[in-house]
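What follows is one structure encoded as structure tokens, with my remarks underneath.
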Amino acid sequence: MNPVWIIAKKRDGGELTAEEIGFFLAGYVEGDIPAYQMSALSMAIYLRGMNVAETAALTDHMLASGVTLEWSAGGLPKVDKHSTGGIGDKVSLPLSVMLACCDVQVPMISGRGLGSTGGTLDKLEAISGFRTDLSTQEMRTVVERVGCAINGATPELVPADRKLYALRDVTATVPSIPLITASIMSKKLAENLNALVLDVKFGSGAFMKTKDSALQLAESLVHTGKRMGVATTALLTDMNQPLGRMVGNAVEVTEALGALEGKGPADLMEVTLSLGAELLLSAGIAGTLDEAKNRLQQTIDKGSARERFEQMVAAQGGDLGLPLRIAPAHEVVASRAGFVAGINAEELGQAVIAMHGGRQKIDDVLDHSTGIEMLVRLGDQVILGQPLAKLYAPQDSVEAGRHCLRRAIEINDTCTPPGLIIAQRVT
């Protein structure tokens, strides 16, 4: 096969065969096809798109570039959730252990934050000693003993994705739905799952800014997952304000622990229970979504999910006996009376970065103690001088965070009520 012919075929809107996709990807991973030709094909895909068959083939060949997690025969169903990223999104922390109490196992491979969006691994590393670098064998042991583990990707899992993503990042081809789909699904399918649910977010704090673009991505993910033999559903969720009250690392762990003790904010619990219910239904553990939600809620009411979280943390080297380190609090107050008409969630993420709780470069060192506590929600009425939020930060970064937060919260004489947190289900 000739790489130039394959590039030209996609450039002109043709459909690539699975063999052509496999040849090109393997050649790139092995170094036989140079980065400039992979860049050209990525741009052709970005401009011309891919159909479901092409996207599934790309996903399959990316998956085949590395190992797949192996599980003991006859074990419990393996399920997982993937979020496209948002501000205050700590759902993975309570959800993983709630599911582990419901006759499924959760081998969750998560990522770090980059840009405005926080990362699950960064949040968990606020817990003293918590390891996110387990080997595949260590992860398998924790999952089969505790029922869940949250870990970073190991080098042998989907190496093609790491190499291709680094290229997309510098060639303006990140926002391609087929390429996003293959990247997400290859990593999730490497977990060898029975069921997967996608939390596809839209709004100011999400990668997809509109519901329409989020729906396009959700449909691509679901169709690809099903084609690859995994029961897959998705929820479109609103990210026009943070999920829950806390944004940061240690502060979000604190909120997640509160959720496991029955004190979680309503929006966080609605999203967590709804995503978990999708998985229990897909895995055949529950017959209806309502039955699944009730079963998940019981894990909180009985304290079993909180106990399971302690077990997972201990199994991954963490110590919840040591207090989470949280920086001193500083209030930000309203400069006028009115209604909270807008919360730019992306600006809140930038505020955390300004306080060194998020990264702009992959090698930035984080201060896990910094964060934000939102004291108002969209639609709330406020008076002059009313506290809008608390910044948790050392004195030298308070003003930088305060500047971002003031830009983020819009107060007007009128406001539009916020929409439903869960906008649509995609099956």
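Checked against (1) part of a loop (DSSP other than H, G, I, E, B); (2) out of contact with any strand residue (DSSP E or B) (no Cβ under 7 Å at 6 or more places or on another chain), Ala327 meets all criteria but (2). Evaluation of Ser183 against the conditions (1) over 18 Å from Tyr28 (Cβ atoms); (2) within 17 Å of the chain's Cα centre (by Cα) shows that the sole unmet condition is (1).
The numbered conditions (1) of a type in the set (Lys, Arg); (2) modelled with pLDDT of 95 or more; (3) farther than 24 Å from Leu95 by Cα are all true for Lys201 except (3).
Counting only helices (runs of 4 or more DSSP H) that fall entirely inside the stretch 221-314 and contain at least 3 residues that are in contact with a Cys (Cβ under 9 Å, 6 or more places away or on another chain) and farther than 16 Å from Ile421 by Cα, the qualifying elements are 289-301. A search for C-beta distances below 8 Å between a residue of the stretch 135-149 that is touching a residue at least 12 places away in the same chain (Cβ under 8 Å) and assigned by TED's automatic domain parsing to the domain that holds Val97 and any residue that is among the charged types (D, E, K, R) and in a helix (DSSP H, G or I), counting only pairs 6+ apart in sequence or on different chains, returns Val146/Arg308; Gly147/Arg308; Cys148/Arg308.
Listed by first and then second residue, the pairs with beta-carbon distance under 6 Å, at least 6 apart or on different chains, first residue in the stretch 20-45 and free of Cβ contacts under 8 Å to residues at least 24 places away in the same chain, second of a type in the set (D, E, K, R) and not in a helix (DSSP H, G or I), form an empty list. Checked against (1) buried (at least 20 other Cβ atoms within 10 Å of the Cβ); (2) within 23 Å of Ile409 (Cβ to Cβ); (3) in contact with a Phe, Trp or Tyr (Cβ under 8 Å, 6 or more places away or on another chain), Gln241 passes all but a single condition, namely (3). Pairing residues of the stretch 48-60 that are closer than 17 Å to Ile6 by Cβ and in the same structural domain as Lys226 (by TED's automatic domain parsing) with residues that are acidic (Asp, Glu) and modelled with pLDDT under 95, at Cβ distances under 6 Å and at least 6 apart in sequence or on separate chains, gives no pairs at all. Of the residues Leu76, Leu58, the single one that is aliphatic (A, V, I, L, M), over 29 Å from Arg359 (Cα atoms) and surrounded by 23 or more Cβ atoms within 10 Å (Cβ to Cβ) is Leu58. The number of residues in the stretch 158-178 that are touching a Lys or Arg at 6+ places or on another chain (Cβ under 7 Å) and either among the acidic types (Asp, Glu) or crowded, with 21+ Cβ neighbours inside 10 Å (or both) comes to 2.
Rundown of residues vs (1) free of Cβ contacts under 8 Å to residues at least 60 places away in the same chain; (2) part of a helix (DSSP H, G or I); (3) within 27 Å of the chain's Cα centre (by Cα); (4) in the same structural domain as Gly119 (by TED's automatic domain parsing), yes/no style:
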{"position": "Glu347", "(1), (2), (3), (4)": "no, yes, yes, no"}
{"position": "Gln360", "(1), (2), (3), (4)": "no, no, yes, no"}
{"position": "Asp363", "(1), (2), (3), (4)": "yes, no, yes, no"}
{"position": "Ala400", "(1), (2), (3), (4)": "yes, yes, yes, no"}
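When the residues of the stretch 30-45 are filtered to those that are surrounded by fewer than 21 Cβ atoms within 10 Å (Cβ to Cβ) and touching a Leu at 6+ places or on another chain (Cβ under 7 Å), which remaining residue is nearest to Ile7 (Cα to Cα)? Looking at the filtered set, the residue picked out is Ser39.
The values are calculated or read from the model by the stated rules, or taken from the named source; none is laboratory data. Here the structure is a predicted model, which means the values were calculated and not measured. Note that we place each Cβ from the backbone using ideal geometry, even for glycine, and neighbour counts take in every protein chain shown.
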